[in-house]
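Notes for the one structure printed next.
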Amino acid sequence: MNNITLHTGDSAVVLKQYEDNYFDSIVTDPPYGIEFLKRDWDKNTGAIEVWQQCLRVLKPGGHLLAFSSAKTYHRLASNIEDVGFEIRDQIMWLQNNNFPKSKNLLKPAHEPIVMARKKGKGNNLNIIDTRVNDRYPANVLGDLGQYQKYFFSPKVSRKERNIGLQMHKPITGKDVGPWSEKGERLAVKLDRMTTKHNNHPTVKPVALMKYLVTLVTPKQGKVLDPFNGSGSTGMAVKQFGGEYVGIDLNKHYINISKKRIEAWEEVIKES
């Protein structure tokens, strides 16, 4: 895959091979620190050492965008600020099809995104290509129905989630979760490590990631995702243009990312 580099490993270690001020932007979806399904990888919002390396390899004036949970946003933003980033804003991704996690919690309807910047003169926001209906880009993304003034991006579809994999083949009830309200099967079980399906729990839509990449990256720029997951940021960069480096601890998700990015490249050629 031209201009796409995927690493398996700890980002704090892998990034040491890259020189200072190498990347133009960082767009990433780190762990939320909510111990999702009691998974070890979700005990924090990204190690301090990772954010330190991100600051070092980002060009002066370059932006960092990082997703978070409403419950733990303060920890992520504080850690990013403490290593030397300047917090510039908070972007809200609004959603309209989530489910309440219990009777004692509100239905989740947004995910906050930290917008931070490395001090120094350099990369400015691309407010031309990210306008919506000729309106200045806002710090809200999502679906507001008839009052839509912001960039619209629904949650990832099953087809996009599994592009390049074998999800089109018949699957059994053991491979999937319960039925959704719309009569569709929910995501495959998280402990089923197979590249036939994309079982990553927090897949982001490519359209959303491309919008964010476009907002903070100069044309043909270098984009880093230190928490690559199943490769949605890489797919977005493939469509946007430029170079991409993705890093993930789990080789399983790196393999899924390769398949998804390769398949997405064919979609781009056909469009």
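The values are calculated or read from the model by the stated rules, or taken from the named source; none is laboratory data. Everything numeric in this text was worked out from a predicted model, so none of it was measured. Here Cβ is always computed from backbone atoms with ideal geometry, including for glycine, and neighbour counts include all displayed protein chains. Side chains are part of the model used for accessible areas, which takes the heavy atoms of the whole protein and leaves out ligands, DNA and RNA. Shrake-Rupley method; radii C 1.70, N 1.55, O 1.52, S 1.80 Å.
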Around Phe240 (Cβ within 10 Å, Cβ-to-Cβ, excluding Phe240; K/R +1, D/E -1) the net charge comes to +2
Solvent-accessible surface (1.4 angstrom probe) belonging to Ile268, in square angstrom, nearest 10: 50 Å²
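What order, most packed first, do the peptides 124-130, 135-141 have when packing is the mean number of other Cβ atoms within 10 Å of each residue?
Working: 124-130: 12.4, 135-141: 14.7.
Ranking, from highest mean packing down: 135-141, 124-130.
Using 0.36 nm times the number of residues separating Arg131 and Lys219, minus their current alpha carbon distance, what extension gain do you get? Display every interim value, and only then the final one.
Values: separation 88, 0.36 × 88 = 31.68 nm, distance 1.63 nm.
Result: 30.0 nm gained on full extension.
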Residues Glu262 and His74, FRET efficiency given R0 of 45 Å [Cβ-Cβ distance, rounded to 0.05]: 0.75
Given the options Gly231, Gly242, Ile256, identify the residue whose Cα lies farthest towards the positive end of the charge dipole of the range 230-271 (+1 on Cβ of Lys, Arg; -1 on Cβ of Asp, Glu). Ile256
What pairs from Lys155/Lys238; Lys119/Lys155; Lys16/Lys71 go past 29 Å between their alpha carbons? Lys119/Lys155; Lys16/Lys71
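Using the heavy atoms of the protein chains alone and a 1.4 angstrom probe, what is the accessible area of the range 227-271 per residue in square angstrom?
Numbers: 1710 Å² over 45 residues.
Here the residues of the range 227-271 average 38 Å² of exposed surface.
Please give the contour-minus-distance gain from Ile48 to Asn2: 0.36 nm per residue of separation, less the Cα-Cα distance, rounded to one decimal in nm.
So the chain would gain 13.5 nm between Ile48 and Asn2.
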Efficiency by 1/(1 + (r/R0)^6): what FRET value for His110 and Ser271, r their Cβ-Cβ distance, R0 = 30 Å, to the nearest 0.05? 0.50
